């Protein structure tokens, strides 16, 4: 009797409620927050038999398909099969629809299939990152699974800003190719679109230039490195030679392209030049001798813009950089360039007289204009730190506003496109906790998750002027960041806040809600083996 009663109850449940064993809806927690999310009852079960089915593709769709195919490979023991055909059941059906906005996507998960429609292959990849965050974190570390439940949902999404970036400084301290690739993976997880690669500075020249091989023989190493801040002490240990060969750079570029990330290389000029001047002292105003810098700061030894050989050097370097990097934009620096040497330099003064200049600042303006014109002939645009606004910079130059928002506001009002990277919101080498005694030694400052999240990149601008703000970025300067593990610690979880600032409309952002989702995202960081500041979100929650 007892057995019959239990069976009867089960049958009755199935009849009345469609099955007592139906699973409850799961929360959809995605960073950055999509624009529209509608949770629907039920779920789709991804299994080894599920296929990635390209209904309507594009030439550059393969990396997105490969990403999703291999994401579950360790868990299932096999990669998902990729095929072409009409939309079908038990499939991730993909449509690239050029009539949509380039970065926009629709993601629909239903009982029998997952359907992705995107305005480009890049948009499809973004949809896959959202789908990834709806999967259990065990997928990231290859936990064995027979199937993966994904909550039924309808998502319509697109980014607020097209340029969503992070800069990595490899000059003060070097990071390997594998570490740079992991950094790119971190960008992809957060749907960031730009990797700004800081490749040259006073403390090291990190890119092979075949026309000038001495740059990496001499400029890629320094005799020693300063210890701490203002101590006057040095470690006595040679640092380097560390640099990326052009073949390594091509490999990294392809790795980023497979994740739909554009790399913007930065070649600093006319300041931050000591690594180059140590190699070719004739390019400085005094002729040297110079050394690759062993300390941090801003130094008076800069390139000589009065010397025509300096421009020949810059053009030779930029020829190879433009050939290597397929992206449209090259960063030329332009910041923190003392002009004292130019005042005493006969060649600089002769250039000023020849060009009818009244003060040395015009030499920098001349340099920026001339380099911009040279790169324009190669189909490239320049981006520079906000000091480039001190001259009559062309309207085609992009301004990177780092000294607060002022330069960005000024640039947007005069008609330049702008990337906001204000140091008081987006410098990730700053401390992220006020309890600095318990934090790794840093350059100073304080930018916590709440501060990053509070950034409104178009504040102070009209709606029309705000259209000139094309993006936001975080900077990770590496004076005091000696290991990649430390770099990850400084980036995470602040990168999640930056990603949401860049992606989600201002009116749709809510900090408390973000913190709840970010806490879940850190579980994915842990599964991926990323080092992150584990206590930061707890501090943020308690400070609300």
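None of the figures in this text is laboratory data; all of them are computed from the coordinates on show. Remember, predicted model here, so these are calculated numbers, not experimental data. Cβ: placed from backbone, ideal geometry, glycine included. Neighbour counts: every protein chain shown.
From its DSSP helices (H runs of at least four residues, each -39,500 (n - 2.57)), the chain gives a residue-normalised ellipticity at 222 nm of -10000 deg cm²/dmol.
Full extension from residue 144 to residue 78: what is 0.36 nm times the residue separation minus their Cα-Cα distance, to one decimal in nm? Please report the intermediate quantities before stating the final value.
Working: separation 66, 0.36 × 66 = 23.76 nm, distance 1.10 nm.
Here the answer is 22.7 nm.
Return, ordered by residue number, the residues of the range 378-416 whose backbone nitrogen is under 14 Å from a label point located 7 Å along Cα→Cβ of residue 467. Once the point is set 7 Å along Cα→Cβ of residue 467, 413, 415-416 turn out to lie under 14 Å by backbone N, inside the range 378-416.
Looking at the range 24-157 alone, DSSP beta bridges between its own residues are antiparallel in about 55 percent of cases. For the chain, the longest principal axis of the Cα atoms and the long axis of helix 121-133 meet at an angle of about 60 degrees.
Computing mean projected area of the Cα convex hull in nm² directly from the structure and comparing it against (i) 39.3; (ii) 29.6; (iii) 27.8 singles out (ii).
Percent antiparallel among DSSP beta bridges with both residues in the chain, to the nearest 5? The partial results should precede the final answer.
Details: 23 of 71 bridges.
Antiparallel bridges make up about 30 percent of those DSSP assigns within the chain.
Were the residues from residue 346 through residue 245 laid out at 0.36 nm apart, the gain over their Cα-Cα distance would be 32.7 nm. Entry note, the range 386-441: relative contact order of 29 percent, from Cα contacts under 8 Å with a spacing of 6+ residues.
Efficiency by 1/(1 + (r/R0)^6): what FRET value for residue 507 and residue 237, r their Cβ-Cβ distance, R0 = 45 Å, to the nearest 0.05? Please list the in-between numbers first.
Values: r = 52 Å, r/R0 = 1.16.
Rounded to the nearest 0.05, the efficiency is 0.30.
Each label point was placed 7 Å from the Cα along the Cα-to-Cβ direction; for residue 356 and residue 438 their separation is 6.4 nm. Taken as Cα centroids, the range 325-349 and the range 29-50 sit 50 Å apart, rounded to the nearest whole angstrom.
At a 10 Å Cβ-Cβ cut-off, how would you order 286, 237, 310, fewest neighbours first? Intermediate results must be reported in sequence, preceding the final value.
Details: 286 14, 237 9, 310 23.
Fewest-to-most ranking of 286, 237, 310: 237, 286, 310.
Which value in Å does the Kirkwood hydrodynamic radius of the range 24-157 take, with 1/r averaged over all unlike C-alpha pairs and then inverted?
Numbers: mean 1/r = 0.0684 Å⁻¹.
It works out to 14.6 Å.
Reported to the nearest whole Å, the Cα centre-to-centre distance from the range 452-472 to the range 497-515 is 14. Label sites at residue 97 and residue 395, each approximated as a point 7 angstrom past Cα along Cα to Cβ, lie 3.5 nm apart.
Of the DSSP beta bridges with both residues in the range 91-206, give the percent that are antiparallel, rounding to the nearest 5. Numbers along the way, then the final one.
On the way: 12 of 23 bridges.
Close to 50 percent.
Gain on full extension, evaluated as 0.36 nm per residue between residue 539 and residue 156 minus their Cα-Cα distance, stands at 134.6 nm. In the chain, the longest principal axis of the Cα atoms and the axis of helix 511-528 are about 90 degrees apart. In degrees between 0 and 90, to the nearest 10, how far off the longest principal axis of the chain does helix 308-324 point, with axes built from Cα atoms? Helix 308-324 and the main axis of the chain meet at about 20 degrees.
Place the peptides 482-490, 353-361 in order of packing, highest mean first, counting for every residue the other Cβ atoms within 10 Å and averaging per peptide. Present the calculation step by step, with values, prior to reporting the outcome.
On the way: 482-490: 19.1, 353-361: 11.4.
Averaged packing, sorted descending, gives the order 482-490, 353-361.
The range 54-76 and the range 108-135 have their alpha-carbon centroids 11 Å apart.
With each label modelled as a point 7 angstrom along the Cα→C-beta vector, the residue 312-residue 414 pair spans 3.3 nm.
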